[in-house]
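Just so it is clear, none of the values below were taken in a lab; they were calculated from the coordinates. If you're wondering where the values come from, they're calculated on a predicted model, not measured in any experiment. Please note: Cβ atoms are built from the backbone with ideal geometry, for glycine as well, and neighbour counts cover all protein chains shown.
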Amino acid sequence: MSLHTATLIHRDDGTPWSPDYDDVYHSADGGLAQARAVFLAGNGLPQRWAGRRLFCLLETGFGIGINFLASWQAWREDPARCGRLHYFSVEKHPLTAADLAACHARLPEVAALAAQLQAQWPQALPGWHRLSFDEGRVLLTLLFADVAQALPEIDARFDAFYLDGFAPARNPQMWNDGIYRQCSRLAAPGATLATYTTAPMVREGLAQADFVCERLPGYGRKRHRLAGEFRPPHWHRPAAMAASVPPDTPVLVVGAGMAGAAIAETLALRGHPVTVLDAAAGPAGGASGLPAALFHPHLSPDDAILSRLVRKGLLSALGNWDALERRGHVLTGSRGGLAWPAADAAEEHAMRQAVERLRFPDGYMAFLPRNALSENCGLPLRFGGCWFAGCGWLDPRSLVGAQLATAGIDTRFGVRVERLDCTNGIWQAFDAAGRLLAAAPLAVLANSHDSERLVPGLCSLRHIRGQLSRIPAAMPSLRCAIAGAATMVNLGNSLVTGSTFDEDDEQSSPRASDRARNLAGLRALWPESPAPDDGDFGQDFVGFRAATNDHLPLIGALPDLAVLRAQGLQWRGRPVSELPRQPGLYGAFACGSRGLVWASLAAEIIACRIGGEPPPLENDLAAAVDPARFVLRKLRQGRLP
């Protein structure tokens with residue numbers, strides 16, 4: 001689960017060298033020149049991406065990022081460049097940020113691009129990390145994992161391959177038939193391939209995987225290099241390519257909360273005209289309207305699916321918020337760290353063991369003993385617990401407002417969608433009187449539990465009432481947000497604590513009894529709390545969350561229940577990704593209490609699905625949030641949806 005970062009040594013001539021593999025990261029004759037001569041020229045770039053809407057590259061071995069920087073520079077300088085460049089790269093041992101910067105200091109030609117890469121360089125956390133450059137037109141997806149585990153988790157088609165692991169004799173794990181077969185599986189029609197090595201075992205393995213290769217003059221001291229083209233036999237049936245629509249296709253989004261706003265922003269930035277409909281009087285009118293929402297990792301001893309998804313969503317959200325602030329928006333909240341104190345000695349022991357087993361960077365997750373955690377919080381705690389650096393709280397209303405201010409979004413409030421129909425490929429939203437509210441070829445449901453009414457039969461959602469209590473008292477000693485058995489956020493002149501968790505409770509107004517429960521939880525954590533209860537429960541916030549039984553959201557293309565009902569149980573043995581979908585209809589709802597974490601990830605998943613782009617997360621994680629997963633479970637039990 002933890003990553004071993006690369007060990008790096010600079011030789012006397014400045015060439016970066018790996019003692020782990022006894023090999024150099026690039027030729028002593030010049031890394032950028034090698035990248036251009038071997039990898040770009042070997043794949044016919046930049047000529048092959050000219051005029052394309054989308055071009056996708058896959059690299060084995062990111063190293064110091066020199067091939068990416070050379071490709072990005074070539075893309076920038078090419079007036080005929082593709083509209084969007086997706087660059088995937090697998091790296092088992094990522095460099096530390098300091099080592100990356102030291103390597104880039106020797107590349108003055110791409111200093112500006114290297115600085116941008118360094119600014120977004122992720123922590124050494126396992127999984128996928130998507131970085132966005134040039135206003136989202138260049139997307140770098142770093143796969144921090146073993147290549148044999150990473151490639152099978154990709155569901156995309158690539159136009160070019162850079163095979164750039166350490167030499168086959170020193171790193172055979174990256175040069176074997178399994179890797180070549182995966183490249184064949186992921187190859188788009190006409191895909192090309194390039195590598196510096198011409199070892200016979202590599203040529204033979206690629207030939208078996210239907211890559212026709214030839215030896216070409218090498219670069220520098222290398223006599224030869226290899227370039228190839230994917231030429232499967234005539235009877236080969238290529239894997240289905242992801243469907244896509246033009247980037248100016250209009251989209252209808254139902255819901256102006258955290259999920260709907262993030263989706264509208266992401267699609268508008270990709271060029272789609274977006275219409276947002278919401279029944280509330282203004283943005284963030286439902287559960288998204290709470291005054292403070294927490295964001296932090298999820299801790300599990302084995303880094304379970306939920307923990308991996310929360311990590312992916314959290315990192316995606318932080319990147320999105322950074323981009324909003326770079327565009328001049330002000331988000332209310334704090335990312336100064338969040339504490340999760342243990343409730344008792346048993347939980348403290350379990351936390352310590354889990355954190356030590358995972359060995360994640362301290363900048364992501366750390367266990368702190370009682371005194372250290374108390375110092376960070378400004379509270380006299382009874383037990384130690386987890387410290388999540390860079391996390392904290394955010395006022396979702398400021399986030400939603402900033403996202404909906406993106407050019408290309410038309411937001412309409414006070415309109416409730418009573419019915420959603422598709423006629424001749426156009427999704428139409430109607431009100432209770434049968435009036436047409438809006439229409440578009442694409443529609444996204446992001447309206448929490450109300451989506452259940454518009455797509456009946458998809459699954460049963462849990463409706464959960466939560467009440468947050470606001471105490472009008474200054475808390476200067478509280479230095480960070482607190483999560484766990486009790487939650488606390490210091491708003492300066494008041495404190496927010498809670499919230500309750502009551503299923504199938506429909507009361508929309510605050511209750512004195514719920515305020516008392518929240519304050520009891522606060523005092524259990526902090527008996528010396530100076531916060532008086534003025535008894536004014538009318539200032540508390542009440543929201544209703546929608547959740548699934550597996551605690552994961554529903555994100556992606558919605559299944560075609562009519563087709564599944566008509567065709568019986570023939571689909572029950574298929575993977576969830578192959579179930580038929582309703583053309584142009586997507587969903588992002590049932591986010592539970594993690595709306596801040598899921599929203600940006602949901603937006604990127606749906607935007608990539610609409611645009612036919614490589615998804616931002618692994619196959620197993622995509623399947624875990626697929627809206628068709630509950631339908632498939634029914635089918636496997638012999639029941640129709």
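Taking amide H atoms as placed 1.01 Å from N in the peptide plane, the amide H of residue 378 lies under 5 Å from those of 479, each 5 or more residues away in sequence or on another chain. Rounded to the nearest 20, the size of the Cβ-charge dipole of the stretch 9-230 about its Cα centre is 500 debye, with Lys and Arg at +1 and Asp and Glu at -1. Among the trypsin sites (Lys or Arg not before Pro) within the stretch 153-238, those in coil by DSSP and having at most 10 neighbouring Cβ atoms inside 10 Å are 221, 223. Once backbone amide H atoms are built at 1.01 Å from N, residue 59 has 88, 89, 90, 162 as its partners under 5 Å, excluding neighbours fewer than 5 places away on the same chain.
Taking the DSSP beta bridges with both ends in the stretch 9-230, the antiparallel portion is around 50 percent. Screening the chain for DSSP H helices whose Cα atoms reach 30 Å or more along their own axis and whose mean Kyte hydropathy is at least -0.5 gives 305-326. Adding -39500 (n - 2.57) for every DSSP H run of four residues or longer, then dividing by how many residues the chain holds, sets the calculated 222 nm ellipticity at -8000 deg cm²/dmol. With all projection directions averaged, the alpha carbon convex hull of the stretch 9-230 covers 11.0 nm². Charge tally for residue 350 (other residues, Cβ to Cβ under 15 Å; Lys, Arg +1; Asp, Glu -1): -4. Size of the stretch 165-234 from its Cα atoms: along the principal axes, largest to smallest, the extents are 38, 25, 16 Å. Put simply, when 424-433, 190-199 are sorted by average Cβ atoms within 10 angstrom per residue, most first, you get 190-199, 424-433.
Per the Debye calculation on the stretch 242-362 with a single equal scatterer at every Cα and no solvent contribution, log₁₀ I(q)/I(0) for q = 0.17, 0.20, 0.22 Å⁻¹ amounts to -1.06, -1.24, -1.36. Backbone phi angles across the stretch 187-198, fed through the Karplus curve with coefficients 6.51, -1.76 and 1.60 (θ = phi - 60°), yield HN-Hα couplings of 6, 7, x, x, 4, 10, 8, 8, 7, 7, 8, 10 Hz in residue order; Gly and Pro are listed as x.
Share of pairwise Cα-Cα distances greater than 21 Å in the stretch 483-641 is 59 percent (whole percent).
What the phi angles of the stretch 542-547 give under the Karplus curve with 6.51, -1.76 and 1.60, with θ = phi - 60°, is a coupling list of 10, x, 10, 9, 10, 9 Hz, glycine and proline written as x. Taken over the alpha carbons of the stretch 44-115 as equal point scatterers, the Debye sum produces base-10 log I(q)/I(0) values at 0.19, 0.27 Å⁻¹ of -0.82, -1.22. Measuring nothing but alpha carbons in the chain and taking Rh as the Kirkwood radius, the Rg to Rh ratio lands at 0.99.
Give the dimensionless ratio obtained when the Cα radius of gyration of the stretch 499-565 is divided by 2.2 N^0.38 Å. Walk me through the numbers on the way to the answer.
Working: Rg = 18.7 Å, N = 67, 2.2 N^0.38 = 10.9 Å.
The value comes to 1.72.
The ranking of 351, 258, 488 by Cβ neighbour count inside 10 Å, starting from the fewest, reads 351, 488, 258.
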